[in-house]
Amino acid sequence: MAATSWHYANRAGQQQGPVSAETLRELFMRGEVTRESLVWRDGMVRWLPLAQVGGEVGIPAGSAMPPPMPGMYPPSQRRAGSPKPVGKGNGCLIIGAVAAVAMVPIIGVLAAIAIPQYQVYVSRAQFMEAMSIVENLKPRVSEQYLQNGACPGNTDPFEAPETYGGKYVGSVKFGTDGDTGACLINMRFRNVEPVVVALRGQSVTFSGTAKDGALTWTCRSELSAKFLPPSCR
């Protein structure tokens with residue numbers, strides 16, 4: 001029986017392969033692919049995160065991953081269980097070779113569409129951690145501002161920036177906008193995997209402006225709008 005060949009998406013979102021299961025396992029050990037990297041082999045209906053199929057190449061299953069985006073089908077576009085063409089003689093071999101060559105540009109188009117779509121999908125899910133953290137901090141910042149008439153910093157009763165980090169958010173800084181006097185909550189994403197490339201090292205800032213005895217919050221970031229939730233675009 002022929003060894004199973006695998007395709008995978010590298011850190012830049014480019015399709016690589018085919019490679020053997022052993023090679024894919026070595027890439028994982030070297031950190032060139034992660035549990036979030038998309039992989040595919042013949043017989044799979046669509047690309048999946050390595051975490052979901054790692055057992056097939058000897059990599060222990062990791063935590064649950066976001067479901068694959070609809071339409072992310074493998075390069076061959078052949079669903080599992082579909083009959084394979086059967087032929088005899090050199091004529092069939094030639095036809096098969098021509099068909100394989102014809103599929104090359106199609107594979108490139110599919111990879112160019114599916115992988116970036118998945119990255120946007122995952123980045124939005126990761127961005128939601130920042131939204132969850134800030135929603136818990138807004139009332140505390142507002143309370144300190146109303147009590148003291150000034151925006152808090154990373155001092156008592158607040159703590160060091162890294163204290164408020166999460167799986168994807170590395171630090172949270174509190175401060176004051178020197179131009180408008182608005183209270184600021186700045187969140188910076190971790191510069192490590194598994195944060196999507198577009199988010200690594202980037203930040204999002206929430207500004208609270210005093211109005212009618214309360215702070216009204218807005219959101220801004222230098223990230224592309226496609227990676228941001230509607231409230232921050």
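A short reminder: the numbers here are calculations on the coordinates, not readings from a lab. Remember, it's a predicted structure, so these values are computed and weren't measured experimentally. Cβ placement follows ideal geometry from the backbone for every residue including glycine, while neighbour counts extend to all protein chains displayed.
Working ranking of peptides 215-225, 45-55 by packing, defined as the average number of other Cβ atoms within 10 Å per residue, highest first, is 45-55, 215-225.
Taking a straight Cα-Cα cut-off under 16 Å and skipping sequence neighbours fewer than 8 places away in the same chain, the aspartates and glutamates within cross-link reach of K173 are E129, E135, D156, E159, E162. Relative protection proxy for 200-206, 174-180, 184-190, 9-15, from highest mean packing down: 184-190, 200-206, 9-15, 174-180 (other beta-carbon atoms within 10 angstrom).
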